[in-house]
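The values are calculated or read from the model by the stated rules, or taken from the named source; none is laboratory data. Keep in mind the model is a prediction, meaning the values are calculated, not measured. Here the Cβ is made from the backbone with ideal geometry for all residues, glycine too, and neighbour counts use every protein chain on show. The protein model used for the area step is the full one, side chains on, heavy atoms only, and it has no ligands, DNA or RNA in it. Shrake-Rupley method; radii C 1.70, N 1.55, O 1.52, S 1.80 Å.
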Amino acid sequence: MNIDARKSDQKHTTSNFISEQVIEHVRDKKIEVTPAFVENEMKKKFGIDISYHKAWRAIQKVVACIRGTPEENYQILPSYLHIMVRKPRTYTSIKRDAQNRFAYMFFAPVASIAGWSYCRPVIAVDATFLKSKYRGVLFVAVSKDANNQIFPLCFGVADLENNEAYIWFFGEMRKAIQVRRELVFLSDRDQSIANGIRKVFPEAHHGICLYHFEKNLKQKYAKATVINLFQSAARSYKREDFNQLMSQLKSIDKKTYNYIIEEPPERWARSWFPRRRYDMLTTNMVESMNSVLLKG
């Protein structure tokens, strides 16, 4: 076949045909199938060039074939949760809007509900963006067990990170799991999370993730010396050491000092934290859970 003939045939290479060639690759969790990967596969197998858009469409068709379309999945979600409830003590909930459309979803597996009593009374909360057709956010709450292993507690789906969504999520969490004495929540500085915890768990103490706080300081272009002093102050065990380090920080950069103390030290400093934090100074455990879920 000459070059001109091959080029003329390429316009007849449909996304259906391409999807048949890459379906096994998509099923293989070890392979990340991107449009560029599909383009390379078609070039290698058949010596033909396809457009990025056609490669992308082929991937979408394969995913729909294997997992179903987003519309189909949302349609069967109530049935899926109903099956989960048949397992004793598994807790699920769905909220619909005024037009009877999906709004929020929550579930806490039976193993999580039962195991929570044996975990440390610290819950890390975070949200990650969903990348499906309808977007939205996935709420994740985790703790740590007595063996210091990450322990998933509950999950939720909402359209946005806002007060209404978090209040609903925390409300369902309170129904699902036992409220423990000396309960502590950890999160980033998202105000909607803080509002939700304050509204639904008024007896809990809400701490701030140091990693995110440090990230905020870097975004404010704080000097490395200032950030190091903040890290040392936040992690110090004695209030005397904390005060000394913060005094040094103030003398170097008063503007950053004023920004830091807008947040009460009871929320981020180890020496001022009113409850046991079990050396959990960041929300790394929930970030780790998010990364695992995204790979799925």
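Can you pull out the residues in segment 81-117 that are open to solvent by 60 Å² or more (accessible area, probe 1.4 Å) and more than 22 Å from the chain's Cα centre (by Cα)? So that I can check it myself, show each step before the final result.
At the first step, the residues of segment 81-117 found to be open to solvent by 60 Å² or more (accessible area, probe 1.4 Å) are 82-83, 85-89, 95-96, 98-102, 111.
Those that are open to solvent by 60 Å² or more (accessible area, probe 1.4 Å) and more than 22 Å from the chain's Cα centre (by Cα): His82, Ile83, Val85, Arg86, Lys87, Pro88, Arg89, Arg96, Ala98, Gln99, Asn100, Arg101.
When residues of segment 255-280 are filtered for being open to solvent by less than 20 Å² (accessible area, probe 1.4 Å) and among the aromatic types (Phe, Trp, Tyr), how many remain?
Of the residues in segment 255-280, 1 are open to solvent by less than 20 Å² (accessible area, probe 1.4 Å) and among the aromatic types (Phe, Trp, Tyr).
Name the residues in segment 218-254 that are out of contact with any Lys or Arg (no Cβ under 7 Å at 6 or more places or on another chain), of a type in the set (Asp, Glu) and open to solvent by less than 80 Å² (accessible area, probe 1.4 Å), would you?
Within segment 218-254, just Asp241 meets the criteria.
Per-residue answers, yes or no, for (1) of a type outside the set (Gly, Ala, Ser); (2) closer than 23 Å to Lys255 by Cβ; (3) touching a residue at least 60 places away in the same chain (Cβ under 8 Å):
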site	(1), (2), (3)
Ala176	no, no, yes
Val179	yes, no, no
Val200	yes, no, no
His205	yes, no, yes
Phe213	yes, yes, no
Tyr221	yes, yes, no
Ala224	no, yes, no
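Among the helices (runs of 4 or more DSSP H) lying completely within segment 217-296, list those that include at least 2 residues that are more than 28 Å from the chain's Cα centre (by Cα) and hydrophobic (A, V, I, L, M, F, W, C).
Details: elements: 224-235, 239-252, 254-260, 284-295.
Those helices (runs of 4 or more DSSP H) span 224-235, 239-252.
Just to be sure, is Gly171 open to solvent by less than 10 Å² (accessible area, probe 1.4 Å), in contact (Cβ under 8 Å) with a residue 12 or more places away in the chain and small (Gly, Ala, Ser)?
no
Restricting attention to segment 177-186, which residues are within 22 Å of Glu287 (Cα to Cα) and either surrounded by fewer than 19 Cβ atoms within 10 Å (Cβ to Cβ) or modelled with pLDDT under 95 (or both)? Quick ask: steps written out before the conclusion?
Here is the first cut: in segment 177-186, the ones within 22 Å of Glu287 (Cα to Cα) are 177, 183-186.
Once the filter is applied, which keeps residues that are within 22 Å of Glu287 (Cα to Cα) and either surrounded by fewer than 19 Cβ atoms within 10 Å (Cβ to Cβ) or modelled with pLDDT under 95 (or both), segment 177-186 yields Ile177, Leu183.
I'd like the residue in segment 197-213 that is within 11 Å of Thr283 (Cβ to Cβ) and in a strand (DSSP E or B) and, out of all such residues, is nearest to the chain's Cα centre (by Cα).
Among those residues, the one meeting the criterion is Ile208.
Being modelled with pLDDT of 90 or more, β-branched (Val, Ile, Thr) and surrounded by fewer than 17 Cβ atoms within 10 Å (Cβ to Cβ), is that true of even one residue in segment 25-45?
Yes, because at least one residue in segment 25-45 is modelled with pLDDT of 90 or more, β-branched (Val, Ile, Thr) and surrounded by fewer than 17 Cβ atoms within 10 Å (Cβ to Cβ).
Kindly indicate whether Thr92 is hydroxyl-bearing (Ser, Thr, Tyr), free of Cβ contacts under 8 Å to residues at least 60 places away in the same chain and out of contact with any His (no Cβ under 9 Å at 6 or more places or on another chain). Give the steps one after another, and end with the answer.
Values: hydroxyl-bearing (Ser, Thr, Tyr): yes; free of Cβ contacts under 8 Å to residues at least 60 places away in the same chain: yes; out of contact with any His (no Cβ under 9 Å at 6 or more places or on another chain): no.
The answer is no for Thr92.
Would you pick out the residues in segment 265-295 that are out of contact with any helix residue (DSSP H, G or I) (no Cβ under 8 Å at 6 or more places or on another chain) and either charged (D, E, K, R) or free of Cβ contacts under 8 Å to residues at least 60 places away in the same chain (or both)?
Arg267, Arg275, Arg276, Asp279, Glu287, Ser291, Val292, Lys295
In this structure, does Thr256 turn out to be hydroxyl-bearing (Ser, Thr, Tyr) and closer than 30 Å to Lys30 by Cβ?
no
Give segment 47-73 a look and list any residue that's open to solvent by 20 Å² or more (accessible area, probe 1.4 Å), part of a helix (DSSP H, G or I) and either over 15 Å from Lys133 (Cβ atoms) or small (Gly, Ala, Ser) (or both), or say none.
Across segment 47-73, the qualifying residues are Tyr52, His53, Lys54, Ala64, Cys65, Ile66.
Let's see how each residue does on (1) buried (at least 18 other Cβ atoms within 10 Å of the Cβ); (2) in contact (Cβ under 8 Å) with a residue 40 or more places away in the chain; (3) more than 12 Å from Ile193 (Cβ to Cβ):
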residue	(1), (2), (3)
Ala124	yes, yes, no
Phe129	no, no, yes
Ser132	no, yes, yes
Leu138	no, yes, yes
Ala141	yes, yes, no
Ile150	no, yes, yes
Phe155	yes, yes, yes
